[in-house]
Amino acid sequence: MDSPLLTTSRPELLDDSGDQTFRELLYAYFAFGRSLDAARAKFAGYADLSTTQYLILIAVMHSRQDEPLGINQLAERLYLSGAFVTIEVNKLVSDGLIEKTTHAGDRRRVQLAVTSAGIERLTRLAAFQRPVNDALFKTLSRDEFKQLLQLLNRLATDGDQAIKLASHIERTLHPGDNEPMSTTTRGRKRSIGRSR
């Protein structure tokens with residue numbers, strides 16, 4: 001099938017209906033994504049944190065003791081910029097929920113740890129998280145859960161590369177081609193109106 005309206009060209013994502021099945025996957029993914037975002041916002045609000053601070057506190061809490069997280073490792077894990085993570089971490093340090101210490105193997109680096117106050121807050125939050133997370137993923141078997149984790153890790157990497165590609169395409173469009181469609185459409189309507 002070769003239609004100018006297809007939103008993907010990969011054979012793996014197309015079938016007899018064109019890209020309809022692909023679109024259905026995206027609709028379902030967006031719907032679940034909205035539920036995840038809403039749950040995360042409720043968790044963060046319950047803990048009196050921003051959503052990013054909530055993610056950081058959780059990630060640091062569950063990092064491995066033999067591999068403590070620094071700013072760069074935390075940013076990579078959360079798919080956020082190092083500068084943004086630094087700002088949010090400093091707020092958590094000021095609030096007494098995270099502490100910075102010098103890395104034992106490299107004094108130029110810092111490592112992050114959750115303070116006793118942070119652990120106390122996360123302990124109260126966990127009682128709220130458990131039933132909600134159970135409900136979010138209640139239809140998955142153990143094997144499906146493990147498979148979903150593998151797929152999402154791969155898709156997260158693909159997504160980052162795709163956004164970089166989108167930015168590159170925007171910059172390399174022919175002059176005038178990157179004008180917002182709404183502006184172009186309004187211009188056509190005005191032209192049509194004047195020709196009547």
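All of the numbers you see were taken from the coordinates with simple rules; none came from a lab. Only a predicted model underlies this, so the values are computations on that prediction, with no experimental measurement involved. Quick reminder, even Gly has a Cβ in these numbers, built from the backbone with ideal geometry, and neighbours come from all protein chains shown.
Summarising the overall dimensions of segment 3-78 from its C-alpha atoms, the Rg and Dmax are 18.8, 53 angstrom. Dividing the helix sum by the residues of the chain, where each DSSP H run of 4 or more adds -39500 (n - 2.57), gives a mean residue ellipticity at 222 nm of -22000 deg cm²/dmol. Partner lysines whose Cα lies under 22 Å from the Cα of residue 100, excluding those fewer than 8 positions away in the same chain, are identified as 91. Evaluated at q = 0.20, 0.21 Å⁻¹, a Debye calculation over the C-alpha positions of segment 37-118 (equal weights, vacuum) places log10 I(q)/I(0) at -0.88, -0.96. When the Cα atoms of the chain are aligned to their principal axes, the ranges along those axes come out at 72, 41, 34 Å in descending order. The HN-Hα couplings worked out from phi for segment 111-122 by the Karplus form 6.51 cos²θ - 1.76 cosθ + 1.60 (θ = phi - 60°) are 10, 10, 8, 7, 6, 4, 5, x, 5, 4, 5, 5 Hz, whole numbers, x standing for Gly and Pro. The angle separating the long axis of helix 20-46 from the principal Cα axis of greatest extent in the chain is about 30 degrees.
The mean sequence distance of close C-alpha pairs (under 8 Å, at least 6 residues apart), as a share of the length of the chain, puts its relative contact order at 13 percent. Rounded to the nearest Å, what's the spacing between the alpha carbon centres of segment 1-54 and segment 63-114? Just the number, please. The two parts, judged by their Cα centres, are 30 Å apart. This ranking places 132, 85, 110 by how few other beta-carbon atoms lie within 10 Å of each, fewest first, which gives 132, 110, 85. With a Förster radius of 35 Å, plug the Cβ-Cβ distance of residue 95 and residue 39 into 1/(1 + (r/R0)^6) and report the FRET value to the nearest 0.05. Working from the Cβ atoms, E equals 0.95.
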